[in-house]
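**Q** Once you've had a glance at the structure underneath, I'll fire off some questions.
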Amino acid sequence: MSDTDDIKQRRIRSFVLRQGRKTASQQQALEQHWPRFGLDPEQALDIPATFARPGADTVLEIGFGNGTSLAQMAEAAPQLNFIGIEVHSPGVGRLLMEIAQRGLENIRIYNHDAIDVLEHCIADNSLAKVQLFFPDPWHKKRHHKRRLVSTALADTLHRKLQADGLWHIATDWEAYAKHCLAVLEPHPGFANTAGAQRFIPRPESRPLTKFEQRGQRLGHGVWDLLYKKV
Ligand SMILES: C[S@@+](CC[C@H](N)C(=O)[O-])C[C@H]1O[C@@H](n2cnc3c(N)ncnc32)[C@H](O)[C@@H]1O
């Protein structure tokens, strides 16, 4: 296959990889802790074996950013397994630092495209909850095809969630909140826990993410959506 064919065949991605530099401590955390907490996107994931405890519920977060809020959630809920997925490696380094500082054992990380990871690594009916906090809104109409929230992702998550599993989305962009409603309200596999076309109040269990803090400074509102697999 020529390079151009290869490019044409590549899927439209929800991210553009930035060249962001890692700090020395993020680089050190990657070298020291990746072998213990990093996961291989080329292999199917055996969740009970990886966390060495069968039966624990598993929460998966797509696009954890710098991971501070994910580390806080994992520390607050040691009975749960947490899987974080992020393409931006400085954020992965930052989360590894948090894991080491907090002495967490219940979290593992992919540094890869979440769409590929869900498709190739995560078993069907294996997740209790999926979190998608402040996904890139891709404001411009010509970029809407890059948005993570789509019927295709809803179909995939419906397969990956266990019975009654939850999908929690938060966004600080009203048009994106409406986009989520437009995608998920008619989806036959999900029910809105707040009632049709409604949002939930900001849950205490969601620590303020880095992105949310920025939105607060700019005076943005926040919309939380919680859907249940039916
Ligand atoms: C606007 S940021 C929000 C980060 C974090 N959730 C927060 O609230 O601070 C969106 C994040 O999603 C990540 N991302 C976008 N598409 C992704 C994908 N397909 N797989 C994994 N991460 C992705 C980006 O790299 C970025 O860090």
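The values are calculated or read from the model by the stated rules, or taken from the named source; none is laboratory data. None of these values were measured; they are calculated from a predicted model. Here the Cβ positions follow ideal geometry from the backbone for every residue, glycine too, while neighbour counts run over all protein chains shown.
**Q** Restricting to strands (runs of 3 or more DSSP E) lying wholly in region 97-193: which have 2 or more residues that are within 16 Å of the ligand (Cβ to nearest atom)?
**A** Where strands (runs of 3 or more DSSP E) fall fully within region 97-193 and carry at least 2 residues being within 16 Å of the ligand (Cβ to nearest atom), they are 107-110, 127-133, 161-171.
**Q** Next question, about the same structure. Taking only region 19-42 into account, find how many residues are within 17 Å of GLY84 (Cβ to Cβ), surrounded by fewer than 16 Cβ atoms within 10 Å (Cβ to Cβ) and among the aliphatic types (A, V, I, L, M).
**A** Residues in region 19-42 being within 17 Å of GLY84 (Cβ to Cβ), surrounded by fewer than 16 Cβ atoms within 10 Å (Cβ to Cβ) and among the aliphatic types (A, V, I, L, M): 0 in total.
**Q** Now, a different point. For region 172-230, what are the residues that are among the hydroxyl-bearing types (Ser, Thr, Tyr) and either without any contact (Cβ under 8 Å) to a residue 12 or more places away in the chain or crowded, with 17+ Cβ neighbours inside 10 Å (or both)?
**A** If the condition is that a residue be among the hydroxyl-bearing types (Ser, Thr, Tyr) and either without any contact (Cβ under 8 Å) to a residue 12 or more places away in the chain or crowded, with 17+ Cβ neighbours inside 10 Å (or both), then TYR176, THR209, TYR227 are the ones that fit.
**Q** Right, here's the next one. I need the full set of residues from region 189-203 which are of a type in the set (S, T, N, Q) and touching a Phe, Trp or Tyr at 6+ places or on another chain (Cβ under 7 Å), in order please. Before you say what the answer is, go through the steps one by one.
**A** Going through region 189-203, the residues of a type in the set (S, T, N, Q) turn out to be 192-193, 197.
Hits for region 189-203 are ASN192, THR193.
**Q** Quick check: anything in region 68-76 of a type in the set (D, E, K, R) and within 16 Å of the ligand (Cβ to nearest atom)?
**A** No: region 68-76 contains no residue that is of a type in the set (D, E, K, R) and within 16 Å of the ligand (Cβ to nearest atom).
**Q** Could you check how many residues of region 23-58 are under 16 Å from the mean Cα position of the chain (by Cα) and within 20 Å of MET97 (Cα to Cα)?
**A** 2
**Q** A further question follows. Conditions: (1) over 15 Å from the mean Cα position of the chain (by Cα); (2) within 21 Å of TRP34 (Cα to Cα). ASN66 meets all but one. Number of the miss?
**A** Condition not satisfied by ASN66: (1).
**Q** Of the numbered conditions (1) modelled with pLDDT of 95 or more; (2) surrounded by 12 or more Cβ atoms within 10 Å (Cβ to Cβ); (3) in a helix (DSSP H, G or I), LEU45 fails exactly one; give the number of that condition.
**A** (3)
**Q** Can PHE37 be described as in contact with a helix residue (DSSP H, G or I) (Cβ under 9 Å, 6 or more places away or on another chain) and within 14 Å of the ligand (Cβ to nearest atom)?
**A** Here the answer is no, as PHE37 does not meet what is asked.
**Q** Output the residues belonging to region 118-128 that are surrounded by fewer than 19 Cβ atoms within 10 Å (Cβ to Cβ) and of a type in the set (A, V, I, L, M).
**A** ALA123, ALA128
**Q** Given the conditions (1) farther than 20 Å from TRP167 by Cα; (2) crowded, with 17+ Cβ neighbours inside 10 Å, and given that GLY103 satisfies all but one, which numbered condition is not satisfied?
**A** (2)
**Q** State whether the residues of region 207-216 include one that is farther than 24 Å from ARG11 by Cα, within 12 Å of the ligand (Cβ to nearest atom) and touching a Lys or Arg at 6+ places or on another chain (Cβ under 9 Å).
**A** yes
**Q** Of the residues VAL92, VAL59, VAL87, VAL16, which is within 14 Å of the ligand (Cβ to nearest atom) and within 16 Å of LYS210 (Cα to Cα)? I'd like the intermediate steps shown before the answer.
**A** Working: VAL59 fails: within 16 Å of LYS210 (Cα to Cα); VAL87 fails: within 16 Å of LYS210 (Cα to Cα); VAL16 fails: within 16 Å of LYS210 (Cα to Cα).
Exactly one of VAL92, VAL59, VAL87, VAL16 is within 14 Å of the ligand (Cβ to nearest atom) and within 16 Å of LYS210 (Cα to Cα), namely VAL92.
**Q** Okay, moving on. When the residues of region 48-86 are filtered to those that are part of a helix (DSSP H, G or I) and free of Cβ contacts under 8 Å to residues at least 12 places away in the same chain, which remaining residue is surrounded by the fewest Cβ atoms within 10 Å (Cβ to Cβ)?
**A** Top of the filtered list is ALA49.
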